1. Please report the Cα spread of segment A:73-314 along all three principal axes, rounded to whole Å, starting with the longest.
2. In square nanometres and to one decimal, what's the mean projected area of the convex hull around the Cα atoms of chain B?
3. Taking a label point 7 Å from the Cα of A:SER83 along the Cα→Cβ vector, which residues of segment B:414-444 have an amide N closer than 17 Å to it?
4. Filter the trypsin sites (Lys or Arg not before Pro) in segment A:146-236 down to the DSSP loop ones having no more than 13 other Cβ atoms within 10 Å, then list what survives.
5. Can you give the average number of partner chain beta-carbon atoms within 10 Å of each beta-carbon in peptide B:416-423, as a whole number?
6. Two decimals is fine: what's Rg over Rh for segment A:251-319, C-alpha atoms, Kirkwood radius as Rh?
7. In a shell of Cβ-Cβ distance under 12 Å around B:TRP182, excluding B:TRP182 itself, what net charge do Lys and Arg (+1) and Asp and Glu (-1) give?
8. Over the Cα atoms of segment A:106-184, what is the Rg over Rh ratio if Rh follows Kirkwood?
Amino acid sequence: MSKSHLFLSQKMKSLLEKRKSREALEALILISVVTCLNMVFGYFAAAFAFYLSFFKWDYIGPMEFVGLKNFMVIFKDLWRGISGAYFFQAPFYTGLKNILLYTAIVVPTQTILAMILAAFANQKIKGVQFYKVSYFLPAVTSPVIIALIFIWLFMKQGYINYMLQFVAPGFAPDWINDKSYLLYAIALVAIWGTSGHFMVSFLAAMQSIPRDIYEAAMLEGAGPIRRFIYITVPMLKPMIVYVVVLGLIGALQMFDLAWVMAGSNGGPGGAGYTMALDIYNEAFINLRPGVAAAKSIFLFALIFSVTYVFQKKYKVMVR
Amino acid sequence: MKYSKALEKTTSLVIALILIIAIIAVAWFAMRPAAPPPTTTVVEKVYIRFAGWSAGETEMKNYEKIIKMFEEKYPDIAVKYEVITQMFHENILASFGAGVAPDVFYLDSAWAPIFTEKGALYPVSDIVSQDFINQFYDFLLEPFRGPDGKIYGLPKDWSMLMLFYNKKLFEQAGLTKPPDTWEELEEYAKIIADKTGKPGLAIYLGGFNRYMPVALSYGAPKPWFDDPGDASWFDDPAVEKTMEWYINLYLKGKIEREKQGLTPYVVAPQDVGAGWLGDAFGKQEVAMVISGNWMIPFLADQFPDFKFGEDWDIAPVPRGPEKRVTMAYTVALAINAKTEHPDAAAKFVEFILGPEGQKELVVKMGHTLPSIKGLENDPNMWPQHKKSLSFKYDIVQIFLWGPKSGELEGKISDIMASAMREEISIDEALNAMKQTVEEMFRGG
């Protein structure tokens, strides 16, 4: 290497370093903007909620420190629920019970459905773009609008019961006004609304699976279903964990669909009552923001531990 | 190369700068005080913020119009009208918590004790003349009277319950007059269901405030709950009897009738595919509902072919053996205790609530009833509202059950609904109601 070349490369290097440090500075400035917003609206709000959970407050007067009294309200409620009190006497327990059932229905179903939809969307067939858009459309529509449309579809004389009479004659439940069906109706809407969103995640992951694995499997005589089960699904494992974790977080704090479809009191028999609804009612109807904050901490702990245990068990780096 | 690098650098810096400026701007807009600094203006102008919900675009436009009139009359006061369309009181409470509450705002009677008790309201009676206050119906002022006897809010309008009945369905069923007693109400509902195939009456599942006229007309004591001992209200024989009757209206009128394969004579709005009582009545799915003045403009607007006088009419709420009772619902304009401009706020309240303001905002709009006396015979008053004012009642019970009215209404209504759906027995419901009241006021 000639002297001039060496000089040039050194110059390039220093320029590159300079450029790098400048880039780092610019990145810092840009990131700090988002961080500031996150600090105020995310972390500050969370820290304030934690602080508030030890106080009695009515928004107007001064705060009064009450220690763990707000948390006692929660445990009393849970104990009462376990002892078999009516749903309206143990609202938090009702919300917890419902949301666990809802999560158990929604998360596995939406994950499997999203994977199947992605497998279809990944095929080289005519008009696949149309299907992708159709699947994804619910994800960009407001949940409130979706819920309102579904209330109409789920009416006793509605379209869903009309279609059901061809599949299961005589089965025409009053989805929204019957406590045995309300939560399932809400879960169906949630599955419909979120599967398309997660389909996109799966589709992206599927497209990064090397084609030669499939080719090798095809040469060995594996059919499409076997290829899906033995290649696609295992290769998607990190994405499955990601989708399940996001699904769990979303499902456990569900509010909007229940608010619109069941109402703030959870509808018939409290069947559509969720923990998030209870937190809202505690804060703005019962005017006990301290208790509401304590309930939020409980919900946070629940979401955190469920997702932590899930990730720990499946030990995969979540993207 | 150099040029493009410089350009790149400038672009990144400009973007960063724009973002920072945007954040500062957003923060400034969010955190700036209600009134812009008056230093730059020649005449010192006072700014007040006025918050209300909206019953529609027309109401908003009318308010904007009247605010303009006010600003013309008082050029040194400017009013910023803020419409909170959803969860109004929650928003106002949160704004108190954040220290940015408006100067003047709507206040529902059921929420009044909470705000008064916490010292959040400015005593209007300290700043407005007694003559002005004397114009209002006295019973409408009650919810806004503090423990010190001062008035903390002036009612902007009011509504009361009445019986709406479908004349055509009555005719088909061979009925010539609306029911006068609660027994007749049930009897007529049954006759209508049998003769016309349409349910006679629609009620809400739950609805403590809709049940209240029944209890009071049977001699139940005036409800007031602010102590665990007040749970004994539910032990009153009149309460027990009427609660059983009210819950049974649905159990017998809907559930049992359907089991027998007959047309139900009592339904809830959702049973006939309606969103609320007004909707069920307007669609002519039911012959009778007991609802308030707010239903009148709704029917006129949504069901223009279903005409008052020809197709439907109103009658007083049925009476019990003791009395005839109705419920009244009112909303006041209240002034924030921490307002920097109480005088300007009071002037605004006087302007809006005075005869001129109410003529424009209440009488002409036809949504509700004026809260000051003397407008009953205004030529612009809708005939339906005028008729509702002619009904005579022994008690006009304001929607207010004590300091926790909203919470109590919700919880008791949920229990009533549960009993109406056969999830719990009537006895269990009454016990649960008592327990709810006891726990609510046991402290902590």
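FYI, it's all coordinate maths here, none of it is from the lab. Everything numeric here is computed off the predicted structure, so don't read it as measured data. Ideal geometry is used to build each Cβ from the backbone, glycine not excepted, and the neighbour counts take in all protein chains shown.
1. 65, 45, 30
2. In nm², the orientation-averaged hull projection of chain B is 29.9.
3. What the label zone holds, given the 17 Å backbone N cut-off, is B:431-440, B:442.
4. Working: sites: A:LYS156, A:LYS179, A:ARG211, A:ARG226, A:ARG227; in loops: A:LYS156, A:LYS179.
Passing sites in segment A:146-236 do not exist.
5. Per-residue shielding by partner chains comes out at 3.
6. 1.10
7. Counting the neighbours of B:TRP182, the net charge comes to -2.
8. 1.05
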